[in-house]
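Below is one structure, written out as structure tokens; comments come after it.
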Amino acid sequence: MSKDDDDLSRRIDRRVDGRVRIRREMPGRPKARLGAALGVSVQPVQTSERGANLLSAAKRVALAEALDAPLACFLDGLGVGGAPQSDLRPQGDERLQAFWSAADAGDFLRALSVLESPRLRRELLHLIQAMADEA
């Protein structure tokens, strides 16, 4: 495996693991409950969510079942047959990928999901964009 393939593999794993963490945090599921559903302790769940420890394919299937999610929701954007789409290759979206992998991404999404008004969501978006322009 070349260095580029290895880097791409790590990016894919981080993306999938970040989505697992968000899916677990959205309804407020504790790591211990997810670990119990997988037959592992909290530590493998923690290290997997950080991308430091890879779960087997069988554990990932069990993980999807425990989170009441189709396995595909963790693989979205990876392409047909596992071939990664271009959005996983290095480019300007690395900040976006880092954000979605951050520990508080689930909290951010949970807070946004409370806003039912499209007008409020749009105003919040404009505020965030203005803040980003100042950064």
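Observations
- Karplus (6.51, -1.76, 1.60) ³J(HN,Hα), θ = phi - 60°, over segment 15-30, in Hz, Gly and Pro reported as x: 5, 5, 5, x, 5, 4, 4, 4, 5, 6, 6, 3, x, x, 6, x
- Treating r as the C-beta distance of LEU8 and LEU127 and R0 as 41 Å, the FRET efficiency rounds to 0.70.
- Taking every protein chain into account, the accessible area of segment 1-75 amounts to 55 square angstrom per residue (probe 1.4 Å).
- For the listed peptides 106-116, 25-35, a ranking on the average number of other beta carbons within 10 Å per residue, highest first, reads 25-35, 106-116.
The values are calculated or read from the model by the stated rules, or taken from the named source; none is laboratory data. Quick caveat, the model's predicted, so the values are computed rather than measured. With ideal geometry, Cβ positions are generated from the backbone for all residues, glycine too; neighbour counts draw on all protein chains shown. When the accessible area is computed, the model is the full protein with side chains, heavy atoms only, and any ligands, DNA or RNA have been set aside. Shrake-Rupley method; radii C 1.70, N 1.55, O 1.52, S 1.80 Å.
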